[in-house]
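Trainee: Please see the structure below; I have some questions.
The values are calculated or read from the model by the stated rules, or taken from the named source; none is laboratory data. Source: prediction; values computed, not measured. Ideal geometry is used to build each Cβ from the backbone, glycine not excepted, and the neighbour counts take in all protein chains shown. To get the accessible areas, we keep the full protein, side chains included, count just its heavy atoms, and leave off ligands, DNA and RNA. Shrake-Rupley method; radii C 1.70, N 1.55, O 1.52, S 1.80 Å.
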Amino acid sequence: MMHAHARTLMSYWDSRRRDDAVPARADIAASDLRDLLGNLFMLQRHDASHHVFRLAGTKLCELHQRELRDQNFLSFWRGYDREQVRLLLESVLANAAPGGAHLTAHSLNGDKLEVELVVTPIASASGKVDRLLGLYQPLQKPDRFAQRPIVRHDLIRLHLPKNLSWVQPPAPVFGFNKAANDR
C-alpha cells in the first residue's frame, strides 16, 4: 500500500505528462507539491553509477544531517542493495515509468526508520529523460533521528516500472548471499 504522499506524487506526475511519455522539468512546479516539498528530491543522471542530487528537501537533508546537493544518491546504499537501486533508477529512466522501493534507514546510533521511496522520470530542457523527481517518505515519525544522522539504507522491497505490485528484490546472482555478507 502506498503512502498518501506517494500517491499524490504519482498522480501529479501523471497529470503533467499530457501527451508525452514523461513530463518536462519545466512542467514541474514546486508550489503544486507544497505539502511534499520537505521530502522531495531531484536527481540528474551523469552515468549509470552516478545519479546526483540536484535538489533535496529540507526534511531529507535534516534526516541525513547534511546538504545532499551534488552528492551521489547511490552512496546511500552498499553492495547488493546499491546495485539493485542503481538498476531501479536506470529502469525508471529507460522505461519512462515510475518505480519505487521500501527501505530501512539506519542512524549512526542504530535507530531504524522505515521509508517509502518513489522515483518518477522527467525530461531535461533538451528533451532527454535524464532526471528523476523522487519522494523520500518516512513511514513513521522520525523524531528520534534528530540526534544522529541516517548513515545507511537497506532495501526491503523493490517496485520496478511496469510491475503491478511491490516485490522482494530479485535473488542474488553468481552465488552472492546478501544475508551472509551483512553479518
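Trainee: Between a first residue in the range 98-120 that is farther than 11 Å from P142 by Cα and a second residue that is buried (at least 19 other Cβ atoms within 10 Å of the Cβ) and polar (S, T, N, Q), which pairs have beta carbons less than 6 Å apart while being 6 or more apart in sequence or on different chains?
Mentor: P98/T120; E116/Q137
Trainee: What is the residue count in the range 34-58 for residues that are modelled with pLDDT under 95 and buried (at least 17 other Cβ atoms within 10 Å of the Cβ)?
Mentor: Going through the range 34-58 one residue at a time, the tally reaches 0.
Trainee: Then there is this: May I ask you to say which residue of L113, L133, L108, L117 is among the hydrophobic types (A, V, I, L, M, F, W, C) and closer than 14 Å to H51 by Cα? Spell out how you get there, then give the answer.
Mentor: Details: L113 fails: closer than 14 Å to H51 by Cα; L108 fails: closer than 14 Å to H51 by Cα; L117 fails: closer than 14 Å to H51 by Cα.
Step by step, each of L113, L133, L108, L117 is checked, and only L133 is among the hydrophobic types (A, V, I, L, M, F, W, C) and closer than 14 Å to H51 by Cα.
Trainee: Hey, could you check the range 110-142 for residues that are more than 16 Å from A56 (Cα to Cα) and of a type in the set (D, E) and say which is most open to solvent (accessible area, probe 1.4 Å)?
Mentor: E114
Trainee: In the range 143-153, what residues are open to solvent by 30 Å² or more (accessible area, probe 1.4 Å) and at pLDDT 75 or above?
Mentor: Let us first name the residues in the range 143-153 that are open to solvent by 30 Å² or more (accessible area, probe 1.4 Å), namely 143-144, 146-148, 151-152.
Listed by number, the residues that qualify are Q147, R148, V151, R152.
Trainee: Which of (1) part of a strand (DSSP E or B); (2) touching a Ser or Thr at 6+ places or on another chain (Cβ under 8 Å) does M42 not meet, given it meets every other one?
Mentor: The one condition M42 does not meet is (2).
Trainee: Considering only residues that are touching an Asp or Glu at 6+ places or on another chain (Cβ under 9 Å) and open to solvent by less than 60 Å² (accessible area, probe 1.4 Å), look in the range 1-22 and name the one that is nearest to G134 (Cα to Cα).
Mentor: Ranking the candidates gives A6 first.
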